[in-house]
1. Suppose the filter is assigned to a loop (DSSP other than H, G, I, E, B) and under 14 Å from the mean Cα position of the chain (by Cα); does residue 43 pass it?
2. Exactly one condition in (1) within 15 Å of the chain's Cα centre (by Cα); (2) at pLDDT below 70 is not met by residue 63; state its number.
3. Does the stretch 46-60 hold any residues that are part of a helix (DSSP H, G or I) and either surrounded by fewer than 17 Cβ atoms within 10 Å (Cβ to Cβ) or modelled with pLDDT of 90 or more (or both), and which are they?
4. Being assigned to a loop (DSSP other than H, G, I, E, B) and modelled with pLDDT of 80 or more is the filter; apply it to the stretch 1-18 and report the residue that is nearest to the chain's Cα centre (by Cα).
């Protein structure tokens with residue numbers, strides 16, 4: 001887990017054992033200087049339930065600590081995308097309890 005800070009927005013990174021993309025995301029968050037908590041879903045039924053209830057079927061998934069946004073981390077994920085999401089969160093957009101990144105991309109493009 002990273003020990004440097006980007007404001008007070010602790011991130012939660014949902015991972016699983018033997019996940020290459022999960023390890024890559026950990027390395028990126030470390031390199032970018034973000035605080036985050038790893039939640040390994042391999043043996044955590046509550047974490048699995050949390051993700052299943054939100055229709056996640058791939059990992060890693062990144063949430064802020066309040067659950068206000070999440071990112072399914074794909075190959076094209078980068079620091080700028082994360083910065084945009086965090087900025088939108090601090091500005092109070094969107095006006096719904098949880099933001100789906102794919103929904104935001106579609107909304108912003110249209």
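The values are calculated or read from the model by the stated rules, or taken from the named source; none is laboratory data. Since this is a predicted model, take the numbers as computed values, not measurements. Glycine gets a Cβ as well: all are built from the backbone with ideal geometry, and neighbour counts include every protein chain shown.
1. Values: assigned to a loop (DSSP other than H, G, I, E, B): yes; under 14 Å from the mean Cα position of the chain (by Cα): no.
No.
2. Going through the list (1) within 15 Å of the chain's Cα centre (by Cα); (2) at pLDDT below 70, residue 63 breaks only (2).
3. Initial filter on the stretch 46-60 (part of a helix (DSSP H, G or I)): 46-53.
The answer is 46, 47, 48, 49, 52, 53.
4. Narrowing the stretch 1-18 to residues assigned to a loop (DSSP other than H, G, I, E, B): 1-10, 16-18.
Next, from what is left, pick out any that are modelled with pLDDT of 80 or more: 16-18.
Details: 16: 14, 17: 17, 18: 19 Å.
Across the stretch 1-18, the extreme among qualifying residues is 16.
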